[in-house]
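J.: Dumping the structure here so I can ask a few things about it.
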Amino acid sequence: MAALPNLEDWIVSSNDALNISLVAPTKSGLQSISTFNPRFTYPIFGEEEKIFGYKGLKINLRYRANDMRPHLKVSHTKVFKPQGDAEPDDIVGILQEGNHLPKVAFVKESDFENGSKQLSNDWTPPGTLHDTFDGPDGKYEIWKGSLVDPAVKQLNTRVQILIPLFIEGGSYIGQKPDSDSTELDLSDADRWTLFFLYRKDESESDPSKSSYVFVGYSTIYRFYWFHPTPPASPSDKWELPAGDLDLSQLPCRTRLSQFLILPPFQGKGCGARLYKSIFQHYHKHAQTKEFTVEDPNEAFDDLRDVCDMEYLRTLPEFNSLRINTDIAIPKSATIPSLIVGGDKAEEIQRNAKIAPRQFNRVLEMHLMSQLP
Ligand code: ACO
């Protein structure tokens with residue numbers, strides 16, 4: 001009787017098996033600009049982040065660096081022969097059924113490679129050019145567009161898988177919470193604005209030609225602004241007033257929902273530049289009354305604190321706020337009474353459009369930094 005195989009030997013880490021790369025066409029074919037692994041794969045391959053049934057498994061998710069057309073290639077050196085209930089995980093099936101990638105990701109490899117060689121040199125990202133800056137390794141451009149724009153929607157569909165792969169608890173735009181359905185509800189697409197960050201590389205042989213490399217993106221959602229206070233129970237009462245309204249003209253609370261800089265570009269100041277550009281845009285946006293962030297993680301909190309502090313310290317009225325060291329602190333003291341100019345704090349916060357909790361956090365850091 002043949003010995004039973006040790007099933008453990010056929011289990012691999014899905015985080016290690018999945019390789020994501022950005023590729024660009026060169027004269028000698030498609031070349032990788034960079035390759036990296038995801039931080040999380042549990043939303044796709046399950047809590048344990050393990051795949052069963054292969055040896056030498058490679059799941060290569062290649063992206064054409066400019067328009068982020070994806071291509072998936074799964075390869076292995078050995079596959080487990082089904083025995084009883086044990087059979088190899090259907091990797092392509094899992095990705096297709098979960099609607100994690102658009103159909104174009106599953107075409108023949110030669111179609112992807114031939115198509116990638118043909119992409120024209122005058123391609124530009126979707127939306128309109130919103131901002132530019134010089135980074136440590138080249139010129140960067142931020143493009144802005146509405147999710148209603150089919151080109152913006154297409155790019156979002158191609159890159160959305162990167163959100164759960166890099167943000168813990170991250171979900172897709174339109175994903176129904178606590179539902180097994182993989183259908184995305186984009187009926188409120190007009191409320192979403194996307195900011196795409198690209199590095200613009202000049203061709204060494206011909207400076208008039210340039211190519212775009214996708215660096216990261218952020219998604220922004222517009223809520224109706226309830227004033228002076230939102231309903232006590234936000235659950236189903238956050239509805240817009242009835243009637244035929246031009247949503248773009250209503251006062252709104254603008255919420256940054258997703259924010260991602262791809263690993264090869266992290267730690268270079270790109271995130272801070274993208275955040276500042278988005279914040280400045282909505283600070284000037286007349287309808288926006290408050291700019292908030294949905295469920296920020298620790299790394300994003302750090303970035304946001306640094307950027308918000310930098311902005312607030314450009315305001316003389318903010319800079320003049322300091323702890324009142326001239327008084328003995330009474331037991332019943334309120335925060336504003338402990339700060340010189342504290343009665344102005346709320347007005348500064350409102351004008352800055354930074355949500356009260358975040359403003360108070362940065363103010364506290366500002367005041368603490370003044371202590372000897
Ligand atoms: N840990 C601690 N501080 C950090 C980190 C970090 N991981 N990342 C940035 N910072 C702070 C630093 O203070 C840094 O200042 P420094 O230049 O003096 O070091 C400042 O933020 C700006 O750093 P950047 O280089 O601009 O940050 P980066 O481009 O790497 O972007 C980000 C940071 C967005 C967290 C990026 O690493 C990323 O996309 N990570 C994976 C996805 C993610 O976590 N997204 C945020 C989820 S929350 C949300 O979407 C609302």
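J.: Return the lysines within reach of LYS353: Cα separation strictly under 30 angstrom, same-chain partners fewer than 8 residues apart disregarded; answer none if there are no such residues.
T.: Qualifying lysines at Cα under 30 Å: LYS139, LYS144, LYS153, LYS176, LYS237, LYS268, LYS276, LYS284, LYS289, LYS344.
J.: Name the residue, out of GLY127, GLY269, GLY170, whose mean-square fluctuation peaks in a Gaussian network model built on the chain with Cα pairs under 10 Å.
T.: GLY269
J.: Between ILE91, PHE214, LEU165, whose Cα lies farthest towards the positive end of the dipole of the chain when Lys and Arg beta carbons carry +1 and Asp and Glu beta carbons carry -1, centred on the Cα centre?
T.: PHE214
J.: Hey, another quick one. ³J(HN,Hα) across region 339-355 via Karplus (A = 6.51, B = -1.76, C = 1.60, θ = phi - 60°), whole Hz, x for Gly/Pro?
T.: Using θ = phi - 60°, the values come out as 10, 5, x, x, 5, 8, 4, 5, 5, 4, 4, 4, 5, 6, 6, 7, 4 Hz.
J.: Need the full-extension length gain, ARG350 to THR314, defined as separation in residues times 0.36 nm minus the C-alpha distance. One decimal, nm.
T.: Residue separation times 0.36 nm, minus the Cα-Cα distance, leaves 11.4 nm.
J.: Compute from the Cα atoms of the chain the Rg and the Dmax, the latter being the longest Cα-Cα distance, and quote both in angstrom.
T.: Considering the chain through its Cα atoms, Rg and Dmax are 24.6, 89 Å.
J.: Oh, and also: Normalised by the number of residues in region 7-117, what is the relative contact order in percent for Cα pairs under 8 Å and 6+ residues apart?
T.: Reported as a whole number, the value is 26 percent.
J.: Only Lys, Arg, Asp and Glu count, each charged at its Cβ (+1, +1, -1, -1), so figure out the dipole size of region 1-130 about its Cα centre, rounded to 20 debye.
T.: That gives a dipole near 640 debye.
J.: Mind checking the full-extension length gain between GLN96 and LYS209? Use 0.36 nm per residue of separation minus the Cα-Cα distance, one decimal, nm.
T.: This chain segment gains 37.0 nm when fully extended.
J.: Treating the beta-carbon of each Lys and Arg as +1 and of each Asp and Glu as -1, no other charges, what is the dipole magnitude of the chain about its Cα centre, to the nearest 20 debye?
T.: Approximately 820 debye in magnitude.
J.: Using a 1.4 Å probe, what is the accessible area per residue for region 7-117, in Å²?
T.: Here the per-residue accessible area is 52 Å².
J.: Let me ask something else. Determine the dipole magnitude for region 77-174: charges of +1 sit on the beta-carbon of Lys and Arg, -1 on that of Asp and Glu, nothing else is charged, the reference point is the Cα centre, and the result goes in debye to the nearest 20.
T.: My answer is approximately 200 debye.
J.: Within straight cross-link reach of LYS209, meaning Cα distance under 12 Å, which aspartates and glutamates are found once same-chain residues fewer than 8 apart are removed?
T.: By straight Cα distance, LYS209 reaches ASP122, ASP201.
J.: While we're looking at this one, here's another question. Check region 7-117 and count each lysine pair with an alpha-carbon distance under 17 angstrom, considering only pairs eight or more places apart or from different chains.
T.: 12
J.: Using a 1.4 Å probe on the protein heavy atoms only, what accessible surface does VAL12 show? Give it in Å² to the nearest 10.
T.: Near enough 40 Å² of accessible area.
J.: Could you put MET68, MET365, MET309 in order of accessible surface area, largest first, with the 1.4 Å probe and the full protein assembly present?
T.: MET365, MET309, MET68
J.: Still on this structure, please answer the following. Say R0 is 56 Å: what FRET efficiency, to the nearest 0.05, do GLU298 and ASP326 get from their beta-carbon distance?
T.: Result of the calculation: an efficiency of 0.95.
J.: Next question. How many angstrom lie between the Cα centre of region 272-318 and the Cα centre of region 13-38?
T.: Cα centres, region 272-318 to region 13-38: 33 Å.
J.: Under a GNM of the chain (C-alpha, springs under 10 Å), which listed residue has the highest mean-square fluctuation: ALA24, ALA286, ALA105?
T.: Maximum among the listed residues: ALA286.
J.: So if the hydrodynamic radius of region 21-165 is defined as the Kirkwood radius over C-alpha pairs, what does Stokes-Einstein give as its diffusion coefficient at 4 °C and 1.567 mPa s, in µm² per second?
T.: 74
J.: Report the label-to-label distance for PHE106 and PHE36 in nanometres (one decimal), using points 7 Å from each Cα along the Cα→Cβ vector.
T.: 2.8
J.: Quick one: accessible surface of PHE45, probe radius 1.4 Å, all protein chains present, in square angstrom to the nearest 10.
T.: PHE45 exposes around 30 Å² with every protein chain in place.
The values are calculated or read from the model by the stated rules, or taken from the named source; none is laboratory data. Just so it is clear, the model here is predicted, and its values are computed rather than measured. Every residue, glycine as well, gets a Cβ built from its backbone with ideal geometry; the counts of neighbours run over all protein chains shown. Protein only, heavy atoms only, side chains kept; ligands, DNA and RNA dropped before computing areas. Shrake-Rupley method; radii C 1.70, N 1.55, O 1.52, S 1.80 Å.
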